Amino acid sequence: MPKSRRRKPKKQLASRSPGNPNRMVFKKMDFGIGDRHEEFKQAVLKSAREDVEQYPALLDQLFGVLKKCMPESVVSTFGFYGSRAAINDKGETRTLTKGIEQHHIELLQGIALTLPAAEWGEAPSTAEVMQTVFDIVPQISDTIFKRRLIAEADEVDDGQRALMALQEKVRLHTQAVRNWGYFSEVKLICRELYAPLDAKLEAAAGYTFSDILDVSETVLATIEQRGNDYMDALRRVLSARDGKSMVEGYFREFPDLVGAPEKLFAVILEGTPREGVMALLMSHADLRHSANMSVTTAEVAALIGQEEERVDRILRMLSIEPGELADQKIEHMFLSNPAWARPGIYLGDRYMFVMPQAIFSHINEIMWNVATSAKIESDLSDRRATYLEDKTESVIKSVLPTAMITKNAKWMVGVRIPTMPPVYSEMIPPTVPR
């Protein structure tokens, strides 16, 4: 008899009061700890200490993978499955890989870039290798947090412990929080904010802030479209009724493949189930993520109608080459990862952007670094202040059209705000000496 498909009711954290349906009644949840809080705390700390002891071995294991297999393939595959979600016919989204966040992908990229190109592996990544990476990277990330948790617990001074707890909240926010707005709004704000300084940056660097945004948007759109096309093609391949049809569909949907379906049939053992053929094709298809996530200077320049030299300067500014982070401490990458402000990887003849959306996650840091290098950071600082004030004024006017707004006002002791309707002036508190 098939099991019921009905979902089990979730435990309620809050419910409506029968007497007053608008009143929230909160219920205390019991996790089975009871009076054993201290015992539970010590168990957590013991587990944390055990995991911290495993940190060097985890790091060595990850470096072993990167020195054996092509890091560009490992990082791109990790990034592809970690940053994408599937949508079903009902409009529901489901991540391709649970437990992988953007900061995990950035961490793996930063670690890979500590290795010089001469130490990068040359073997193709396999499903087994990628599963190892999917297991290790979150553990490494969690271990750094657990180190600080132990340090906080070992602190005997209550004041210092409270300070460390506050610092940890800030660290966790910095480590994991990324996007600061809807993408359409982010693009609009960036254009409005930075475009007025185009002439000054061009005079100093040979390109403009608008050029940076043009290149970044083009790279993002190009790589996202390739990813979508890849998913659509792979979905058609995997929907075949049997292994033979699946292989034939693989060659049909990916015409750049060398050889013929018959040669692949000879490699697949007779009697291999449909799921086995599916796993084989997916593992092979994953090898193209690196190419799909890479762009050349000529490609981008042609798409935006700009000279290649200018585009290459921008792509180079946005990218890090293998080995450039050799002196970077991995522990510091959780709160200050160079891959944030330079999310591309320079591979000599191309630039790989595992997460091109990360450019806009950290666009303000990127623009500030550009302005600092061009020695126009004071102009950018003034522009930010002006933009914020102008934007605030426009927002207030949109909701309070009759309000009197005074820009650039300076507070002066003993001076009242000039002529205002009585209904408003009565609401203004009297000035007091500082």
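The values are calculated or read from the model by the stated rules, or taken from the named source; none is laboratory data. Owing to the predicted nature of the structure, the values given are computational and were not obtained by experimental measurement. Note that each Cβ is placed from the backbone with ideal geometry, even for glycine, and that neighbours are counted across all protein chains shown.
Quick check on residue 115: is it in a helix (DSSP H, G or I) and modelled with pLDDT of 90 or more? Give the derivation first.
Numbers: in a helix (DSSP H, G or I): no; modelled with pLDDT of 90 or more: yes.
So residue 115 does not fit the description; no.
Residue-by-condition table, conditions (1) assigned to a loop (DSSP other than H, G, I, E, B); (2) surrounded by fewer than 17 Cβ atoms within 10 Å (Cβ to Cβ); (3) at pLDDT 95 or above:
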{"residue": "171", "(1), (2), (3)": "no, yes, no"}
{"residue": "174", "(1), (2), (3)": "no, yes, no"}
{"residue": "199", "(1), (2), (3)": "no, yes, yes"}
{"residue": "264", "(1), (2), (3)": "no, no, no"}
{"residue": "270", "(1), (2), (3)": "yes, yes, no"}
*Checking residue 187 against (1) in contact with an Asp or Glu (Cβ under 8 Å, 6 or more places away or on another chain); (2) under 26 Å from residue 83 (Cα atoms); (3) assigned by TED's automatic domain parsing to the domain that holds residue 336, which test does it fail?*
(3)
_Scope region 346-396; condition hydroxyl-bearing (Ser, Thr, Tyr), under 19 Å from residue 187 (Cα atoms) and within 24 Å of the chain's Cα centre (by Cα); matching residues_ = 361
_Of the criteria (1) of a type in the set (A, V, I, L, M, F, W, C); (2) part of a helix (DSSP H, G or I); (3) surrounded by fewer than 17 Cβ atoms within 10 Å (Cβ to Cβ), which one residue 258 fails_ = (2)
*Only residues that are touching a residue at least 40 places away in the same chain (Cβ under 8 Å), surrounded by 15 or more Cβ atoms within 10 Å (Cβ to Cβ) and of a type in the set (Gly, Ala, Ser): list them for region 273-322, please.*
283, 285, 290, 294
*Can you tell me which residue among 252, 241, 226 is free of Cβ contacts under 8 Å to residues at least 60 places away in the same chain, at negative phi and either touching an Asp or Glu at 6+ places or on another chain (Cβ under 9 Å) or assigned to a helix (DSSP H, G or I) (or both)?*
252
